[in-house]
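The values are calculated or read from the model by the stated rules, or taken from the named source; none is laboratory data. Everything quoted here is computed from the prediction, not taken from an experiment. When we count neighbours, we look across all protein chains shown, and the Cβ atoms used for this are built from the backbone with ideal geometry, even at glycine. Calculation scope for accessible area: heavy atoms of the full protein, side chains included, ligands and nucleic acids excluded. Shrake-Rupley method; radii C 1.70, N 1.55, O 1.52, S 1.80 Å.
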Amino acid sequence: MRAMVLEKSRAPLLMRERPTPAPAAGEILVEVAACGVCRTDLHVVDGELPNPKLPLIPGHEIVGRVAILGAEVAGLAVGERIGVPWLGYTCGVCSYCRSGRENLCDRPLFTGYTRDGGYATHALADARYCFPLPERRDDAEIAPFLCAGLIGWRSYRMAGARGQGGYAKGASPDALGLYGFGAAAHILAQIAAWQGRRVYAFTRRDDTAAQVFAKSLGAVWAGGSDEMPPESLDAAIIFAPVGALVPLALKAVKKGGRVVCGGIHMSDIPSFPYRLLWEERHVVSVANLTRADAREFLDIVPQAGVKTEVTRYPLAAANDALADLREGRLQGAAVLIP
């Protein structure tokens, strides 16, 4: 197999030839068809997330086919199209797992971080954390659903009243702000607009292309992240890893509003006056995902008619894809094709 490997943090990935691994009991070998390039991959490569498995094959938005079934694998078949997400394993016995919060597991493994991922022609995965995917969508177009979509969906649910569930189609619309209009926001905006919410998109200052893109996906307004929207927001989700956006979002939400930090890493949040938090405003973070999130999200995607904007790169150009993401040169999501 071929793989782009991170051998040292803050260093370019290197193309390596490796023996194709055999799946252990409970695992499957996946022949990778596409792997999304996520901002979390940047945090891993750039050394912003601690203690990655090194050497490491990054990538956790994997779409592929089951090549080999390990012993004791049930419910999947050779040749079946599946998706492999960020959450690669949970212990099942800690208090979080036993209370339905496996996203907070004490002993998890994460695809492309603490176990090898999908910047490769093949990848191993725990069969319990893989999801059957429909055949009717292009591989590259589905890949961003496996993290950008799932984290966006969990963030969206956290932004709802008391953090419970998304809103049904036809519900009275609410005002939702999305800070950072990248892979996650461009998926979530479509779902929120379909459900009747008024979506306000916040981009880098003067990024008119991203603002036009946001409006084309249902946003009723788009502007710079330093601007105030034309109405107070019920909730805001911050996808950009910029801590300075937290006080700006707090200023934009109404009394009782909620600001959700949707990333795994963010720069330090600057101090801000208490009056921005007062009147029962909330700041919460989202950590990882659960398999229930994935099933719920993948069920709603076809109902909402979600489309993804992707830029395809050959596997050997993984460093170029990461650089384009780092420098904000992408619209939508980047996807590697082995």
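Report yes if LEU298 is in a helix (DSSP H, G or I) and more than 30 Å from PRO134 (Cβ to Cβ), otherwise no. Don't jump to the end; show me each part of the working.
Working: in a helix (DSSP H, G or I): yes; more than 30 Å from PRO134 (Cβ to Cβ): no.
Answer is no for this residue.
So which residues in segment 42-57 are loosely packed, with under 15 Cβ neighbours inside 10 Å and either within 17 Å of ILE68 (Cα to Cα) or of a type in the set (D, E, K, R) (or both)?
Hit for segment 42-57 is ASP46, nothing else.
Out of the residues in segment 212-227 that are closer than 19 Å to GLN195 by Cα and part of a loop (DSSP other than H, G, I, E, B), which is most open to solvent (accessible area, probe 1.4 Å)?
Among them, the one singled out is VAL220.
Among GLY263, GLY243, which is the only one that is within 28 Å of CYS105 (Cβ to Cβ), surrounded by 14 or more Cβ atoms within 10 Å (Cβ to Cβ) and modelled with pLDDT of 95 or more?
Working: GLY263 fails: modelled with pLDDT of 95 or more.
Step by step, each of GLY263, GLY243 is checked, and only GLY243 is within 28 Å of CYS105 (Cβ to Cβ), surrounded by 14 or more Cβ atoms within 10 Å (Cβ to Cβ) and modelled with pLDDT of 95 or more.
When both residues are 6+ apart or on different chains and their Cβ atoms are under 8 Å apart, which pairs have a first residue that lies in segment 285-301 and is closer than 20 Å to ARG258 by Cα and touching a residue at least 60 places away in the same chain (Cβ under 8 Å), and a second that is of a type outside the set (D, E, K, R) and surrounded by fewer than 17 Cβ atoms within 10 Å (Cβ to Cβ)?
Sorted first by the residue in segment 285-301, then by its partner, the pairs are ALA287/LEU104; ASN288/LEU104.
Just wondering, is there one or more residues in segment 275-282 that are over 30 Å from TYR113 (Cα atoms) and part of a helix (DSSP H, G or I)?
Scanning segment 275-282, I find at least one residue that is over 30 Å from TYR113 (Cα atoms) and part of a helix (DSSP H, G or I), so the answer is yes.
Mind listing whichever residues of segment 291-313 are open to solvent by 30 Å² or more (accessible area, probe 1.4 Å), closer than 14 Å to ILE187 by Cβ and small (Gly, Ala, Ser)?
Listed by number, the list holds a single entry, GLY305.
Can you find even one residue in segment 37-53 that is more than 20 Å from ASN288 (Cα to Cα), out of contact with any helix residue (DSSP H, G or I) (no Cβ under 7 Å at 6 or more places or on another chain) and not aromatic (Phe, Trp, Tyr)?
Here is the first cut: in segment 37-53, the ones more than 20 Å from ASN288 (Cα to Cα) are none.
Taking every residue of segment 37-53 in turn, none turns out to be more than 20 Å from ASN288 (Cα to Cα), out of contact with any helix residue (DSSP H, G or I) (no Cβ under 7 Å at 6 or more places or on another chain) and not aromatic (Phe, Trp, Tyr).
For segment 274-290: of the residues being under 29 Å from ALA252 (Cα atoms) and open to solvent by less than 50 Å² (accessible area, probe 1.4 Å), which is farthest from the chain's Cα centre (by Cα)? Spell out the reasoning first.
Filtering segment 274-290 for residues under 29 Å from ALA252 (Cα atoms) gives 274-289.
Still in the list and also open to solvent by less than 50 Å² (accessible area, probe 1.4 Å): 276, 281, 284, 286-289.
On the way: LEU276: 28, ARG281: 25, VAL284: 17, VAL286: 11, ALA287: 11, ASN288: 9, LEU289: 9 Å.
Taking the candidates together, the pick is LEU276.
Within the set of pairs 6+ apart or on separate chains, which have a first residue in segment 1-13 that is free of Cβ contacts under 8 Å to residues at least 40 places away in the same chain, a second that is in a loop (DSSP other than H, G, I, E, B), and C-beta atoms under 8 Å apart?
Between residues of segment 1-13 that are free of Cβ contacts under 8 Å to residues at least 40 places away in the same chain and residues that are in a loop (DSSP other than H, G, I, E, B), the close pairs are ARG10/ASP46; ARG10/GLY47.
In segment 233-256, what residues are in a loop (DSSP other than H, G, I, E, B) and out of contact with any His (no Cβ under 6 Å at 6 or more places or on another chain)? Before you say what the answer is, go through the steps one by one.
From segment 233-256, those in a loop (DSSP other than H, G, I, E, B) are 239-244; that's our starting set.
Within segment 233-256, PHE239, ALA240, VAL242, GLY243, ALA244 qualify.
What number goes with the only condition from (1) surrounded by 21 or more Cβ atoms within 10 Å (Cβ to Cβ); (2) outside any helix (DSSP H, G or I) that PRO230 does not pass?
So PRO230 meets the others, but not (1).
Tell me whether segment 293-309 contains one or more residues that are within 18 Å of the chain's Cα centre (by Cα), more than 27 Å from LEU233 (Cβ to Cβ) and of a type in the set (Gly, Ala, Ser).
yes
Please name all residue pairs, on different chains or six or more residues apart, with Cβ atoms under 7 Å, provided the first residue is in segment 83-98 and is aromatic (Phe, Trp, Tyr) and the second residue is open to solvent by 50 Å² or more (accessible area, probe 1.4 Å) and in a loop (DSSP other than H, G, I, E, B).
TYR96/ASP106
Of everything in segment 16-41, what is of a type in the set (A, V, I, L, M) and either at pLDDT below 95 or open to solvent by 70 Å² or more (accessible area, probe 1.4 Å) (or both)? Give them in sequence order. Let's see the steps before the verdict.
Residues of segment 16-41 that are of a type in the set (A, V, I, L, M), as a first pass: 22, 24-25, 28-30, 32-34, 37.
ALA22 - this is the single residue of segment 16-41 that is of a type in the set (A, V, I, L, M) and either at pLDDT below 95 or open to solvent by 70 Å² or more (accessible area, probe 1.4 Å) (or both).
Please count how many residues of segment 110-148 are within 19 Å of ALA22 (Cα to Cα) and of a type outside the set (S, T, N, Q).
Residues of segment 110-148 that are within 19 Å of ALA22 (Cα to Cα), as a first pass: 111-112, 114-130.
The next check asks that each one be of a type outside the set (S, T, N, Q); those that pass are 112, 115-120, 122-130.
The qualifying residues number 16.
Check whether at least one residue in segment 211-223 is touching a residue at least 24 places away in the same chain (Cβ under 8 Å) and under 30 Å from GLY47 (Cα atoms), and report yes or no.
no
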